[in-house]
Amino acid sequence: MSAVDAGLLTHLKTGLTTIAHAWAITRTDGVVMGFTDHDRALSFDGITFRADTGMSAMTLAQSTGLSVDNTEALGALSDLSIREDEIEQGRFDDASVQAWIVNWQDVSQRWMQFRGTIGEFRRADGGFQAELRGLTETLNRPFGRVYQKPCSAVLGDPACGFDLSSPGFSLDIPLDVVSGSRVFRWQDLDAFSDGWFARGRFEVLEGPAAGLKGQIKQDRTEDGTRTVELWEPVRATLTPGTMVRLTAGCDKRSETCRLKFLNLANFQGFPDVPGEDWVLAVPKSTGANTGGSLR
């Protein structure tokens, strides 16, 4: 208990306590929400923790080793706090979470009990159930290089090093024809060759769906109409006139890196690694067993 605030520790030793729980959720888009199981709102660290949200928490499992701390938060969906459409849109994915035990009579007496991120988020029957993952969860993620022919970098990340803001590699354009928030059509995208945006990113720039993104599956021209199709529909209603951004895509091949992005020096794949047929080839009594020319 060495990390517990001295004032809170003294309060706990009295045996007659005024303790509540408080949670703060910080989404990846910068929105901060505060909740408490107390019957009145609490405020500290510049956050107001609302009391009318129906939030509660299950038992928190914590350990001193490298095992993953975990817990769950339960609550009722509310138009004023956590809304069902925002869960559906993925607004709470990977949001950071902090949880305190706090003396509601003196909020300066508090102890941060948990810090982590939101994992699986489930909703049903007008409520939600969020899995909370501790900081040691990141130790479960694999790191290191993968020896494969395609590039292992993500277009525009530090390993790739390509600047996606370069002219010609992104386009801000209002929506023209929308089909099910998944298929979009325009008449005036002749400046970009077919497939230029395939495997790229689709991002909504304004309106209620601002910030939502999707991965582009196909980018093709048919009868003079340019069609961009996403792998999955954007989880919001999109209407003509909404401004969106299309970003060029990469198919991870060395030829694309060299010719489309002029970025071969940062290519993170191994195009000359022999294929499985050569690796599994048996010795020959005559001739060289080299797998043949790569050119």
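Residues in the stretch 79-124 that are assigned to a strand (DSSP E or B) and not hydrophobic (A, V, I, L, M, F, W, C): how many? Break it down into steps so the answer makes sense when it comes.
Here is the first cut: in the stretch 79-124, the ones assigned to a strand (DSSP E or B) are 96-103, 110-124.
Still in the list and also not hydrophobic (A, V, I, L, M, F, W, C): 96, 98, 103, 110, 113, 115-117, 119-120, 122-123.
The total comes to 12.
Residue check: is ARG91 free of Cβ contacts under 8 Å to residues at least 40 places away in the same chain and under 17 Å from the mean Cα position of the chain (by Cα)? Let's see the steps before the verdict.
Details: free of Cβ contacts under 8 Å to residues at least 40 places away in the same chain: no; under 17 Å from the mean Cα position of the chain (by Cα): yes.
Judged against the criteria, ARG91 is not a match.
If you scan the stretch 29-50, which residues turn out to be surrounded by fewer than 18 Cβ atoms within 10 Å (Cβ to Cβ) and touching a Lys or Arg at 6+ places or on another chain (Cβ under 8 Å)?
ASP29, VAL31, ALA41, PHE44
Consider GLY269 against the criteria (1) closer than 30 Å to ASP85 by Cβ; (2) outside any strand (DSSP E or B): it satisfies all of them except one. Which criterion is unmet?
That leaves (1) as the condition not met.
Could you please give the count of residues in the stretch 148-174 that are part of a loop (DSSP other than H, G, I, E, B) and in contact with a Leu (Cβ under 6 Å, 6 or more places away or on another chain)? Let's see the steps before the verdict.
The initial filter retains those residues of the stretch 148-174 that are part of a loop (DSSP other than H, G, I, E, B), namely 148-169.
If we keep only those that are in contact with a Leu (Cβ under 6 Å, 6 or more places away or on another chain) too, we end up with 156.
Looking only at that region, the number is 1.
Residues being within 28 Å of ILE25 (Cα to Cα) and either in a loop (DSSP other than H, G, I, E, B) or of a type in the set (A, V, I, L, M, F, W, C) (or both): count how many of those fall in the stretch 125-147. Break it down stepwise before answering.
At the first step, the residues of the stretch 125-147 found to be within 28 Å of ILE25 (Cα to Cα) are 125-143.
Still in the list and also either in a loop (DSSP other than H, G, I, E, B) or of a type in the set (A, V, I, L, M, F, W, C) (or both): 125-126, 128, 130, 132, 135, 139, 141-143.
Matching residues across the stretch 125-147 total 10.
Yes or no: ARG258 basic (Lys, Arg), modelled with pLDDT of 90 or more and outside any loop (DSSP other than H, G, I, E, B)? If you could, list the steps in order and put the result at the bottom.
Details: basic (Lys, Arg): yes; modelled with pLDDT of 90 or more: yes; outside any loop (DSSP other than H, G, I, E, B): yes.
Judged against the criteria, ARG258 is a match.
Can you work out which of the residues in the stretch 229-257 that are among the β-branched types (Val, Ile, Thr) and more than 11 Å from LEU175 (Cα to Cα) is surrounded by the fewest Cβ atoms within 10 Å (Cβ to Cβ)? Don't jump to the end; show me each part of the working.
Taking the stretch 229-257 as the starting set, the residues that turn out to be among the β-branched types (Val, Ile, Thr) are 234, 237, 239, 242, 244, 247, 256.
Right, trim to more than 11 Å from LEU175 (Cα to Cα) and you get 234, 237, 247, 256.
Values: VAL234: 21, THR237: 12, THR247: 19, THR256: 19.
If we take residues in the stretch 229-257 being among the β-branched types (Val, Ile, Thr) and more than 11 Å from LEU175 (Cα to Cα), then THR237 is surrounded by the fewest Cβ atoms within 10 Å (Cβ to Cβ).
Got a sec? Which of GLY34, GLY54, GLY65, GLY75 is small (Gly, Ala, Ser), assigned to a strand (DSSP E or B) and at pLDDT below 60? Step through it out loud before you land on a result.
On the way: GLY34 fails: at pLDDT below 60; GLY54 fails: assigned to a strand (DSSP E or B); GLY65 fails: assigned to a strand (DSSP E or B).
It is GLY75.
Can you confirm whether the stretch 89-110 contains a residue that is modelled with pLDDT under 85 and among the β-branched types (Val, Ile, Thr)?
no
The values are calculated or read from the model by the stated rules, or taken from the named source; none is laboratory data. Just so it is clear, the model here is predicted, and its values are computed rather than measured. Every residue, glycine as well, gets a Cβ built from its backbone with ideal geometry; the counts of neighbours run over all protein chains shown.
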